[in-house]
Amino acid sequence: MKNRLPAVLLVLVGLGLGATLLRDQVPVSGAQPPAAEEAAPASEAGARLQNERNTMDIVRRYEPGLVFISTELEVVQDLGWLFGGGQTQVQQGVGSGFFVNEAGDILTNYHVIAGEGGQGKADRITVRVMGQEEAVPAEVIGTAPQYDLALIRAEGLAQNLIRPIPLGNSDTLAVGQKAVAMGAPFGLEFSVTEGIVSSTERQIPIGFSGSGSGEGITQKAIQTDAAINPGNSGGPLLDSSGRVIGINTQIATGGSQQSAGVGFAIPVNAAKNLLPRLQEAGGGEVRAPRLGITAGLVVQARGQQAAVGLSALTAEGRRQLGLPERGLVVGQVAPNTPAARAGLRGGEAREFPGGVIALGGDVIVEAEGQPVDALEDLQAALLDKSEGDAVSLRVWRDGEEREVQATLDASAFE
């Protein structure tokens, strides 16, 4: 189930703004030496200076791998006959990205190169590297809206300007370790900020659950207090060795669009897992793996059909149907899929006022140890999986729960 942050707004962003570290004053000549109990500030100042040198080294070595991204999307608005009918407007956007290999592939957020609300890809994308005044066009290699990731490549960029930033291992992160964010906050290109890793497994909605639209799928994110603001989206979050540990994607605010000191980054291991598929996408879309089932409880909501979990029914309704309190009802199981090979069963569709429910089949109540009450909960458990991985499911069938293992094969990624 989704873990929402109360009274906090998550905003897709592009990051920046740094803080100056103040050095302690050095005693002037002839001044009395500090007492023993006053020696601590001097050692603290030395530690800060060492941290500064580390940050400066990271910036010197890896900031040239940062990319400033600009986009344009033509949108036709129907103003009615009184105002001359349709009118074309150009939506402009900015964001960040970084080189991931010598071929010039640039990793960024999907929402950086997409239209408002994740609808469609930008008509024009240009990138500019550090030290270059002229921007060059870029093409989309692959997109992954559910993960809020995209891979683009600059056209005609000189090889000596391609400076990949090494990718780290986000599975080994520890709370409190250093985090350096690079990006273009508010369009201020090539900015650097510093903080710490505040949490390694913060569950928040990321990406777009539908085909480039809708609320994101709840997944694990890195939380940091390194300053992140609109424009930083797609930029790298690095550790003290200069390795990328995350891709900056969102901020939490208290109601405004400004940072409240809480930023989120997609773990780099999720991106590393996706990179081969993005590189082979041919400009198309990479989807999260699927088990091969459809939701078996569909209701009418605001004139549209929506798949929901059992918690949407009344307690009396669930009791009469003999169903558990929550779970994802399995509607149909596609043949030759991981779900079919795991022995999952679909139910028989029956109409009721306001919707349709499949009865007599399975109800998935847990996936990878996490509660399931919606199709998105199941998707969240599959996001970081690769071909050959086994997915542990707890399934309710005929009034009893059982454990089921579904192995993701090539069909799950088609």
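The values are calculated or read from the model by the stated rules, or taken from the named source; none is laboratory data. If you're wondering where the values come from, they're calculated on a predicted model, not measured in any experiment. Here the Cβ positions follow ideal geometry from the backbone for every residue, glycine too, while neighbour counts run over all protein chains shown. Remember, those area values only see protein heavy atoms, side chains included, never the ligands or the DNA or RNA. Shrake-Rupley method; radii C 1.70, N 1.55, O 1.52, S 1.80 Å.
Observations
- Solvent-accessible area of residue 171 with every protein chain in place, 1.4 Å probe, in Å² to the nearest 10: 110
- In summary, the aspartates and glutamates within cross-link reach of residue 121, defined as a Cα separation below 17 angstrom excluding same-chain residues under 8 places away, comprise 72, 74, 139, 148, 285.
- Computed with a 1.4 Å probe over protein heavy atoms only, the accessible area of residue 402 comes to about 90 Å².
- Highest-first packing order for the peptide set 339-352, 188-201 is 188-201, 339-352, based on the mean count of other beta carbon atoms within 10 Å.
- Solvent-accessible area, 1.4 Å probe, carbon plus sulfur percent, for the stretch 278-414: 44
- Distance-filtered residues of the stretch 257-301 - backbone nitrogen under 18 Å, label point 7 angstrom along residue 332 Cα→Cβ: 290-299
- Accessible-area composition of the stretch 121-169, carbon plus sulfur, in percent [1.4 Å probe]: 44
- Cα-projected label distance for residue 52 with residue 201, points at 7 Å along beta-carbon direction, nm: 3.8
- Sites residue 186 and residue 398, calculated FRET efficiency, Cβ-Cβ separation with R0 60 Å, nearest 0.05: 0.55
- Electrostatic bookkeeping for residue 177 treats Lys and Arg as +1 and Asp and Glu as -1; over the other residues with beta carbon under 15 Å from its beta carbon, the sum is -3.
- Once the chain from residue 130 to residue 301 is taken as fully extended at 0.36 nm per residue, the excess over their C-alpha distance is 56.7 nm.
- Nearby aspartates and glutamates by direct alpha-carbon distance to residue 178 (threshold 13 angstrom, same-chain neighbours under 8 apart not counted): 52, 194, 225, 239
- Computed from the Kirkwood radius of its Cα pairs, the Stokes-Einstein diffusion coefficient for the stretch 263-414 at 25 °C and 0.890 mPa s stands at 150 µm²/s.
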